[in-house]
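Pasting a structure here, questions to come.
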Amino acid sequence: MTLLLAGVVACKDDAGIKVKSFRFKGNQAVTSAQLKSVLATAASSKLPWGTRRYFSREQFEADLKRLVAFYTDRGYPEARITSFDAQLSSDQTSVDLTVNISEGEPVVVERMAFEGFEALPENHRQALDRTLPLRVGQPLDRALLHASREAALDELRDHGHPYASVRLAEDPGTGERQRVITLRADPGPIAHHGEIEISGNTAVSERVIRRQLTYKPADLFRQSQLQESQRNLYRLELFQFANIEPVGVEAKPEIVPTRITVTKSKHRKITFGVGYGTEEKARAQIDWRHVNAFGGAQTVGVFARYSGLDRGVRLSYREPYVFSPHWSLGVNGQAWHAEEPAFTLDTTGGRVTLTREFARGGGPVLGRRPKMALAFTYANEHDDSRISPEALADLTFRDELISLGLDPRTGRHSGQRSALSIDASRNTTDNLLDAKRGYLATVHLEQAGGFLGGTYSYREATGEGRIYQKLGNIAVVAVQVRGGTIEASGSPDERVPFFKRYFLGGATNLRGWGRFEVAPLTDEGLPIGGTKFSNFSAEFRAPIWGQLSGVAFLDGGIVWADRSSEVRNDTGWRYNVGPGLRYQTPIGPIRVDFGYQLKQIPGLVVNGQPEPRRYRFHFSIGQAF
């Protein structure tokens, strides 16, 4: 091997030899991406403007040793580099490297034992056994072993034992390649929170800081409460830096004081944004906020946006503390114009929202609970809507148009919408913009009219569920399911307002069609929406190269017409498949999707013309869901 390496370097010593490719063979337990992440040697970019990597004999020899050490630390002590291949190009300017690996048999964990954890409640002891990173039956991964020790230590620190220690013991199991791992705890004395000192605060009164804390003097010491309190402080956006730490722990006092150190950030914040999407076309927006408008961490803001789909101005006010740090109050006003394929809508008015966020609590183990929120909203808004010129010209839709209360000459309708709504959400995803694991569930219930007054009377219920599951350390399977229903309430002749009808199709659901193209049709083929819908999407996401990844997707959905509607041309379930590309950027993945209809909608009319295409392209930022 040494002679071969020397030969590679000697072939072109002056300019260096570019590493064209770097591959592994024989690795089954560990992916090639994981191996490459710990090595210095790397392949050059395939793009002309990409980074070039050059071969270094010393670096490569060190990498071979790193590979063996990497496997040993992950429970494969017999792993060896059996050989490698260095293929020089004909002009001796580049080399293709292949490393052949024999992983050998792993040493596995036969049993995990716990000693000295009687200080923990029984349910926490059981949860600790179930949720430690290192599991029975897995290879004895040293990184996971030490992470398990830290998790056990954190659990003790969260139950009044800030000075606890945990030692690891490794004993032979029943087989030659089996081990028994014992975690031995010394809880130490029990402790409580002491006095709270605040330093560096020049932004707000101490009362604002103290009300964000989830602990007080004399409470049982819990490390997670310090972390949650720190997150509460950052959530105010008042501080560039916020830290909460115990004081004087070297002497192991039973009453533990804490020091809160903060550094003020800018309270006036402004952001600009521009972009482009196939649905929105060009867009621009500006967001100005003052996060300490009245000295009590209240936020006031102005948001303005212009795009091909919507434009307008929104004003907002938020009180972050109502009853407790988990309750907040928001007041919003808007003048907004929405331009959809089936209608245009101008909305002016305001909303008041009371939100309850639920603490995750329960310690480091049971504390891995979903983020949950419950919001109550009252909206009082004036809506001025107009159906599309194509729908207005469709004589087969005239009776339906009149029954909806629309002016048959202009297709317009104006009214006051007074509505109460409840929104509930439960979220365990690791990243809402580009999730890799976890799930999200939301429910929306809305009642308009009746005792609330206003022009419109209806009841609405919608729900959404998403789940994300990693396959190994690379691919992700994502599934989304949505559904909803809306029906008129009050007198028998009440109808659901046209702008509240459901449509499918577009960049985020049925991607084989354009926006609002999947819905019940008039006799002339125009989509005019329905009162019930259901749709799903499934994606397989996998990396391709660097920041570029690929997606394969399947979408399906249906929109049902109102039972009392004159228009009953339901399109039935529609499905599409297609590939997509994602490129990771600091603001989220840039997305390109190509959707192909498995079955067309007969007679569909778009922009006044029959639509013969069975495919659509979509370009946007962010995942489809």
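Under the 0.36 nm per residue contour assumption, what length would be gained going from the current alpha-carbon distance of Ala293 and Ser45 to full extension?
Full extension from Ala293 to Ser45 adds 84.3 nm.
If the viscosity is 0.890 mPa s and the temperature 25 °C, what translational diffusion coefficient in µm²/s does Stokes-Einstein give for the stretch 421-576 when Rh comes from Kirkwood over Cα pairs?
141 µm²/s
Exactly which GluC sites (Glu not before Pro) in the stretch 169-231 are in a DSSP loop and have at most 16 other Cβ atoms within 10 Å?
Answer by residue number: Glu176.
If neighbour count is taken as other Cβ atoms inside 10 Å, put Glu487, Glu118 in order from fewest to most.
Glu118, Glu487
Tell me what the chain gives for mean residue ellipticity at 222 nm when only DSSP H runs of n ≥ 4 count, each as -39,500 (n - 2.57), the sum divided by the residue total, rounded to 500 deg cm²/dmol.
Value at 222 nm, helices only: -4000 deg cm²/dmol.
Moving on to the next point. When only Cα pairs under 8 Å and 6 or more residues apart are kept, what is the percent relative contact order across the chain?
Contact order relative to length: 6 percent.
I'd like to know which of Gly194, Gln225, Ile255 lies farthest towards the positive end of the charge dipole of the stretch 192-264, counting +1 on Cβ of Lys and Arg and -1 on Cβ of Asp and Glu.
In the stretch 192-264, that residue is Gln225.
Please compute the contact order of the stretch 192-264 in relative form: average sequence separation of alpha-carbon pairs under 8 Å and at least six residues apart, divided by the residue count, as a percent.
Relative contact order of the stretch 192-264: 44 percent.
Taking the beta-carbon count within 10 Å as an exposure proxy, list Arg582, Arg437 from fewest neighbours to most.
Arg437, Arg582
Let me ask another. Scale the Cα Rg of the chain by the rule-of-thumb value 2.2 N^0.38 Å and send over the ratio, two decimals.
Compared with the compact-globule rule of thumb, the chain sits at 1.21.
Mind checking the angle between helix 122-131 and the chain's longest principal axis? C-alpha axes, 0 to 90 degrees, to the nearest 10.
Computed tilt is about 80 degrees.
Still on this structure: In sequence order, what are the phi-derived ³J(HN,Hα) couplings for the stretch 167-182 according to the Karplus relation 6.51 cos²θ - 1.76 cosθ + 1.60 with θ = phi - 60°, rounded to whole Hz, with x for glycine and proline?
My calculation for the stretch 167-182 gives 10, 9, 10, 10, 10, x, x, 6, x, 5, 10, 10, 9, 9, 9, 10 Hz in order.
Normalised by the empirical 2.2 N^0.38 Å for globular proteins, what value does the Cα Rg of the stretch 108-186 take?
Cα Rg divided by the expected 2.2 N^0.38 Å: 1.06.
More than 22 Å apart: what percent of Cα pairs in the stretch 1-160 qualify?
55 percent
Using a basic spin-label model with each label point 7 Å from the Cα along Cα→Cβ, how many nm lie between Ile255 and Met372?
So the label points at Ile255 and Met372 sit 3.6 nm apart.
Sticking with this one: Do any of Lys36/Lys436; Lys36/Lys470; Lys65/Lys470 go past 23 Å between their Cα atoms, and which?
Going by Cα-Cα distance, Lys65/Lys470 fall outside the 23 Å limit.
Cα axis of helix 223-235 to longest principal axis of the chain: angle in degrees, 0 to 90, nearest 10?
Once rounded, the angle reads 50 degrees.
For the Cα atoms of the chain, what angle does the longest principal axis make with the long axis of helix 57-73, in degrees from 0 to 90, nearest 10?
Around 80 degrees separate the two axes.
While we're looking at this one, here's another question. Percent of alpha carbon pairs in the stretch 234-391 separated by more than 19 Å?
71 percent
Given R₀ = 45 Å, what would the calculated FRET efficiency be for Leu471 paired with Gln334, taking r from the Cβ atoms and rounding to 0.05?
FRET efficiency, Leu471 to Gln334: 0.60.
Can you list the residues, at least 5 places off or on another chain, whose amide H is less than 5 Å from the amide H of His382, using H built in the peptide plane?
Thr348, Gly349, Arg417
Quick check on the exposure proxy: order Trp513, Trp560, Trp49 from fewest to most C-beta atoms within 10 angstrom.
Trp49, Trp560, Trp513
Every read-out reported here was derived from the displayed coordinates using simple, explicitly stated rules and does not represent laboratory data. Quick caveat: nothing in here was measured; it's all calculated off a predicted structure. Neighbour counts run over all protein chains shown; Cβ positions are idealised from the backbone, glycine included.
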